[in-house]
Structure formats: C-alpha cells, structure tokens
Amino acid sequence: RCLLKMVKGNIIVPEDILSFCCNGLQSSTSPPRAREPGEREEAPGAMASPSPARNPTEVQMSQLVLPCHTNHRGELSTGQLLKWIDTAACLSAERHAGCPCVTASMDDIYFEHTISVGQVVNIKAKVNRAFNSSMEVGIQVSYEDLCSGKHCSICKAYATFVAQGPLGSKVRLKPLTPQTEEEKIEYSIAAERRRMRLVHKDTLKDLLTRSPQETELETRDGSGAVPAERTRVESVELVLPPHANHQGNTFGGQIMAWMENVATIAASRLCHAHPTLRAIEMFHFRGPSQVGDRLVLKAIVNNAFKNSMEVGVSAEAYGQEMSISCRHINSAFMTFVVLDQEGHPRTLPMVAPEPGDGERRYREASARKKIRLDRKYVVSCKQSEVPLSVPWDQSNKVYLSYNNVSALKMLVAKTNWVLAREKEKVRMYTLEEDKFLSFRIEMSACIPASRAFSLLSNLRRRHEWDSHYVSAELVQKVDDDDMIYHVVSQKLRNENKPQDFVILASRRKPCSKGDPYVVAFRSVTLPTHPARAEFTRGETLCSGFCIWPESEEMCKVAYYNQVMPGYLNYVTTNVAGLSSDICSTFEACEKFLLKNKEDLISRLQD
C-alpha cells in the first residue's frame, strides 16, 4: 500500500521493485494455474511478453503538475521544471557512472510552451557520450494533457555531469557504446557540442572586442528609460539537507530554481507585470556548495530590447560568517518576455544602465543576444531548415563550424545506405531520404590516416586529383581547424560558365579511439566574395571526408555528399552505371595519396 502511494506521488521506483510488487500482488490474489503438459515453468517475476531493449542509462520521469508547482497564472514554475530536469539528468548520469555525479553545466534552453496545472510533464534523459571524467546527458521534455490526450514538446536540453569519487576526486568513466541510429548521431555530435562549450566565452570576448566601445541607448517612443538599479534584487537562501544529495552537495537544479526566482522578480520590477521566461543561457557551475552554506543570489536587468529583456543572475556561497569567504558558484543570463491577453509579446520600457559595470553589462547583453540568435538559427534548427549559404562572421563562426561538422556526422551515422556500384576497390552507396539523395564512396588506402587527413583537408591541392576543380584560393584562415576557400570548378554539362563556391572547410581530429578524422564542407557567404557575372554561383549543403584508421599504414577513406539539384543528373548517371566518372575520380584520389606518401618517405630518407 505504501509503494502504491509512492508511485501515485510520482516518485521514481526501480522497475525490478515494481515488477516484484506487481507479481507479488498477482500471486496473492489469484490461485496458482496448473501448467499444461510440456509447458515450462516461468521464472518468478518474468513478463509474458518482454519489453524492447532500452538504453541502460535512460531515465523517464512523469510528474503531475499540482497547484503547489505553479505560479499565479496556474502555469508550472520554470524553477520547478529545472529541478525536475536536473534530477532526471543526474539519475541518468549516475546510472552510467555507478557513483555520485554533480552538474557541471547546462546548455541553452528554449521553452516553447507553458504547462498548466493538471497536465503531466514527461521527462526522458539518457547519456549521449562519456568522455574522461565528464558525460553529456540529453534531456527531452514534453507535456501531456490527460483529458484530450494531446502531447507537445516543451524543450530539449543538454547537461554535462562530472562523476565524483571519495573526497570529491574525479572518476574515469567507462566508454558508452551507442546502439540505435539516433544514439549514434547524438554520440558523434556530442564531441562537437563539447568543443563549442569550451570556446563559448572566447566568442563573446571576440565579438565585444570588434564592436564599438560606446554604449548606444535605444530610443523608443512613448516611454522613458528605467534606471537599471531599480530592478536590482538580492536574496539569501540557507542550504538544508532536502536541497542536497547524499554527499551534502547542493542540487544544481535547486540552485537554478533559486536563480530563476530572483531573475523573475528583477524582470517584474522593470515591466510592472508578470514576465514569462523564454530562454536560459548556458549555466556553468564554477564550484560546489554544501549543506549549511548561505547562498546569496543577485539579479539585475542588463538590457531591455523591444519585446524581450535579459536578466543577469549570480550565486555566491558563504559559510556561517558571511564576511569572511565568498565562493562564486554560478552566473546565468535569462531572457524574459511579457505576454498580452492574446499571447503576443508586449513592448517593454527601456533600461538606462549605470556608468561603469552597468554599461559593460548593457553592451554584453546586446552581444549575447546576437550570439543567441546565431546559435538558435544555425545550431538548434533541423538540418533541412538551414539555408544553403549562411552569412559568415566572427560572432557565428563557432556555430557554423559546429553545424558543418555535425551535419556530416549525422549523414555518416545513417544506417540505411544501399550499395549501388562496386568497381575494383571503390564502392559507391546511395541514401534516399525525403527531399535529398546522398551518396557515399569509399575505399581502403595504404597510407596512415593522419597523413590522408592532412592531404585531403587542403583544398588547394584537390585539383591534383579531382579534375572538376580548377582552383581553390584560401580566403581566410579562421583558426587551425576552420578555413574558408573560394573554389572554381569546371563547367557543368549544358552550362556556359564555370561554377564558383565559397566553402567553409572544418577539420576535426578523433576525440577518442574509434572516432574518424573528419573534413566537412558547406557553403557560406562573404561580403568580400559576392557572386560574379563570369561564374555561376554554386552551393553545397553537406559534404566531406571521414577517414578511419585500419592499421598504422592503412585507412578507410569515405567521401559523403548530399546532392544539390545542379549535380543531380551527374550523380544519378553515375549511380545508374551510365558513367564511371565518380569512381574514376576516387581512384585518382588513391593514386594522389600513395604518391604523396612515397614522396614523404623519400624526403625522410634523404
């Protein structure tokens, strides 16, 4: 009876306990059935029809939204939702690690809908990839209306957790082996998301360095500027045992909930209304807090745009003597809107920043808004929704690079490739999906994978083996891993002008054993290289190389291409066997690799 109350109260109970209890209830209320001749006895607790295999790290949580979880509008408090998200993600991480885990960071979260009292929140969390001592957990949140049966997505989030051993020591995690196609895609892209997190701060600094130093206040008719100081909020919370795990560390979700509370108050002081949280910038936990700490939470409106405002929040931890030591726990930036009766964002008052730090925060808020738009537009949307040529600039270079590599990795992870042709050592595969036809061509080459990676990632040498390339000029070296080229190719059949491309080439070395070397290509636009009359501007959405080491002197080289309409006839002619041009080009690629390997050996011997 107690266990049934626990289940009704939405407490997660391990499946083996529920199975034991259900079988125990069945055996206590129903007389045993005599077995038929030849029928085998079932093991205690066995299910009549086994459920399909599930990711061992997957955790599912369902919570009924009660009045105590909601705000004045009867909508689920975002702080409460963040606590549930963090709890489910932490349980998933601990399933994989086999030891306690703490929240290290939470990526951007965009809330698509609000949740009303009486509805059910469904949260599914599972580990996407384990690195040395940290792991990425993917979380999907949706709501369910019990009366209508309607299901709707709320948000998708990615959290990073760190496994902790005795006395807070780091634990080396066992590798995770993805099973399904979806898991393989998330596993592959997790390394790229990790890289993007590490350079996030540098992206903001770089944008601010390139922007004008003067603070420009927006002018808006019909309203005066509100001093930012009027929105300042400070609140203290005492960390009690219910706020912490069994090691005494404060739950990350609890800290996020407290931060959301003071941010909401600050936003309300600007608009004199009840704001709605729309997005949260990346959370980064800089250190732990324990039971007995006093957490001082501070919030202020950094900038108010026409229909949204950014609130900066910080959390600091103190011991009993608040004046002695202070530990910075976390900082976050939250975006709020105020909705009218029809659900449309209202126009907000302007903010007048205070001199010094206030003006700095004002400028940084504008920079973060641009970065958020870039990240949401380039990273968060589906690959098919990304325009072919995205404008490239310093502020979105990280996210374009991420999108470039992740799009190729998603194509590589597809499992329904079909062998179309085989010519000696070269094999050609096709993939037909919705609007796109993609092809993959692969071979084994007698050259170290690292050497093949170095040769194939340099587009300036591609004309040596690919007859379609006339030239490739290095326009800009973004960093050691990303280059932008202006490429000129031969005329296509039925075309009277050669084609040109502006291509972002992103290269990645393996993140861990078993990962390939990756060279990804996609089109971008540059103001210095507009379309010109003597060329037909071409575009590529997703193409590139993946190179897997097979031994110290052997590797498998595969080229992938999501075919654009201009090349469709050329590709289908090769797939149908009416031409061997693609296979011949790849054979020339093998000769190019072998020749340069021999040249390298000769130079080393000399």
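The values are calculated or read from the model by the stated rules, or taken from the named source; none is laboratory data. Please read these numbers as outputs of a predicted model, since none were measured by experiment. A quick note on method: Cβ atoms are made from the backbone with ideal geometry, for glycine too, and the neighbour counts reach across all protein chains shown. The accessibility values were calculated without ligands, DNA or RNA, using every heavy atom of the protein model including side chains. Shrake-Rupley method; radii C 1.70, N 1.55, O 1.52, S 1.80 Å.
For GLN119, the amide hydrogen comes within under 5 Å of the amide hydrogens of VAL65, counting only partners 5 or more places away or on other chains and with H modelled in the peptide plane. Computed across region 454-521, the Kirkwood radius stands at 13.1 Å (inverse of mean 1/r, all Cα pairs). Report the local net charge at GLY118: Lys and Arg +1, Asp and Glu -1, summed over other residues whose C-beta lies under 12 Å from its C-beta. Summing Lys and Arg as +1 and Asp and Glu as -1 gives -3. Over all alpha-carbon pairs of region 56-186, lay out the pair-distance distribution in 5 Å bins, whole %, shortest bin first. Pairs per bin, as whole percents: 2, 11, 20, 20, 17, 13, 9, 6, 2, 0, 0. Take the alpha carbon atoms of region 277-326, find their center, do the same for region 528-555, and report the distance between the two centers in whole angstrom. Each part reduced to its Cα centre gives a spacing of 44 Å. For region 386-596, with all protein chains in place and a probe radius of 1.4 Å, 51% of the accessible heavy-atom surface sits on carbon or sulfur.
With Cα atoms as the point set, region 386-596 shows a radius of gyration and Dmax of 16.4, 48 Å.
When peptides 508-514, 520-526 are sorted by average Cβ neighbour count within 10 Å, with the highest value leading, the order is 520-526, 508-514. The lysines within cross-link reach of LYS370, meaning a Cα-to-Cα straight distance under 17 Å and a gap of 8 or more places when in the same chain, are LYS201, LYS205, LYS306, LYS397.
Here the Debye sum runs over all C-alpha atoms of region 402-465 as equal scatterers in vacuum, and log10 of I(q)/I(0) at q = 0.29 Å⁻¹ comes out as -1.17.
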